Amino acid sequence: MPELPEVETSRRGIEPHLVGATILHAVVRNGRLRWPVSDEIHALSDQPVLSVRRRAKYLLLELPAGWIIIHLGMSGSLRILPAELPPQKHDHLDLVMSNGKILRYTDPRRFGAWLWTKALEGHSVLAHLGPEPLSDEFSGTWLYEKSKRKKTAIKPWLMDNKLVVGVGNIYASESLFAAGIHPDRLASSLSVEECCRLAQTIKAVLLRSIEQGGTTLRDFLQSDGKPGYFAQELQVYGREKEPCRVCGTPVSAGKHGQRSTYWCRHCQR
DNA sequence: CAGGCAGCCTGTCGGC
DNA sequence: TGCCGACAGGCTGCCT
């Protein structure tokens, strides 16, 4: 579910409540997530939080003894709440903080993860990730160089974490619309100009969504419990048969793999 | 090796 | 009203 803007929104929301506070302990109500919650997280005690960072769609809590790696999966969200608030059905894990608050993890589908590592370097979930989309390393040149021999459709390829991280199913469709590129185009067919335009629109769409607090379709909540507001600005995602906001042509929908894709057949070539 | 897709889970929605 | 299948923001791992 959450793509980069939702994860970054969560990071910004929780950071001021965690950094400078101490984790007293964790309450794990259901540790059966994508992988079992690490033993070290069950055993946490009196660990100050040094920083809250993000790499791709992973949130990283830096503690003196190591790092908590959090992934929100498809339906996860994190909220800062008063410690006494009773948990509900899918509230699987709390970090109980020294400042009277808790960081509560909610995830109906349990595709998320809470892992522990002493060092980030070389950890299996982080080791093979491509560049951050908002970094200078991710550019039209990078896209073009990587695309030359790629015989995959551009849309599913944008979601390949080895190419660039953080672009999921919503923002792949939205970025291609903004760049005027048809999602079925083979990656190898893109010109260097198109790659530059696409890299630029990916950055712009992600930045705008972060400004709006991400996209809430059903589950996602910002850490204060509010939804993200970028859903109102979606151009094509989830808008099958509705008029294109630019030209009025009904929005098309299809599949790449098992994932829905949306596009405007007039604006995207 | 690249590409495609099943599977992990629960909830919701639409059609019959 | 109820049942059943399809689908949902991600990612790994197995198969061709």
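Each reported figure results from applying straightforward, stated rules to the coordinates on display, with no laboratory input. Here the structure is a predicted model, which means the values were calculated and not measured. In this analysis, Cβ positions are derived from the backbone assuming ideal geometry, glycine residues included, and neighbour counts consider all displayed protein chains.
Where only DSSP H runs of four or more residues are counted, chain A gives -7000 deg cm²/dmol as its mean residue ellipticity at 222 nm, each run worth -39500 (n - 2.57). Neighbours of A:LEU206, meaning other residues whose beta-carbon lies under 11 angstrom from its beta-carbon, give a summed charge of -4 when Lys and Arg score +1 and Asp and Glu score -1.
Straight-distance candidates among the lysines for linking to A:LYS101, with alpha-carbon spacing under 25 Å and chain neighbours fewer than 8 residues away dropped: A:LYS57, A:LYS89, A:LYS226.
Mean separation of Cα pairs under 8 Å and 6 or more residues apart, divided by the residue count, gives chain A a relative contact order of 19 percent. Here the label points at A:ASN99 and A:ALA65, each 7 Å from Cα along the C-beta direction, are separated by 2.3 nm in the simple model. Here the gap between A:ASP184 and A:ALA253, fully extended at 0.36 nm per residue and compared with their Cα-Cα distance, gives a gain of 23.7 nm. Can you compute the label reach from A:ASP39? Point 7 Å from Cα along the Cβ direction, backbone N cut-off under 19 Å, restricted to the stretch A:58-82. Answer for the stretch A:58-82: A:65-69. Subtracting the Cα-Cα distance of A:THR152 and A:VAL27 from 0.36 nm times their residue separation leaves 40.6 nm of extension gain.
The GNM of chain A, with springs linking C-alpha atoms under 10 angstrom apart, assigns the highest mean-square fluctuation among A:SER51, A:SER147, A:SER124 to A:SER124.
Which helices, counted as full DSSP H runs in chain A, have an axial Cα extent of no less than 27 Å and a Kyte-Doolittle average of -0.5 or above?
Working: long enough: A:192-211 (29 Å, 0.45).
Helices meeting the criterion: A:192-211.
Using a cutoff of 8 angstrom between alpha carbon atoms and counting only pairs six or more residues apart, the relative contact order for the stretch A:140-263 works out to 25 percent. Shape class for chain A: prolate, because the ratio a/c of the largest to smallest gyration tensor axis (alpha-carbon atoms, square roots of eigenvalues) is 1.5 or more and a/b beats b/c. The alpha-carbon of A:LYS241 sits under 19 angstrom from the alpha-carbons of these lysines, leaving out residues fewer than 8 places away in its chain: A:LYS255.
Placing pseudo-labels 7 Å out from each Cα toward the beta carbon at A:SER51 and A:GLU121 gives an inter-label distance of 1.5 nm. The residues packed around A:GLY228, meaning those with a beta-carbon under 14 Å from its beta-carbon, carry a net charge of -2 if Lys and Arg are +1 and Asp and Glu are -1. Overall dimensions of the stretch A:4-117, expressed as equivalent-ellipsoid semi-axes from the Cα gyration tensor (√(5λ), whole Å, largest first), are 18, 16, 14. Ignoring lysines fewer than eight residues from A:LYS148 along the same chain, the ones with Cα atoms less than 21 angstrom from its Cα are A:LYS162.
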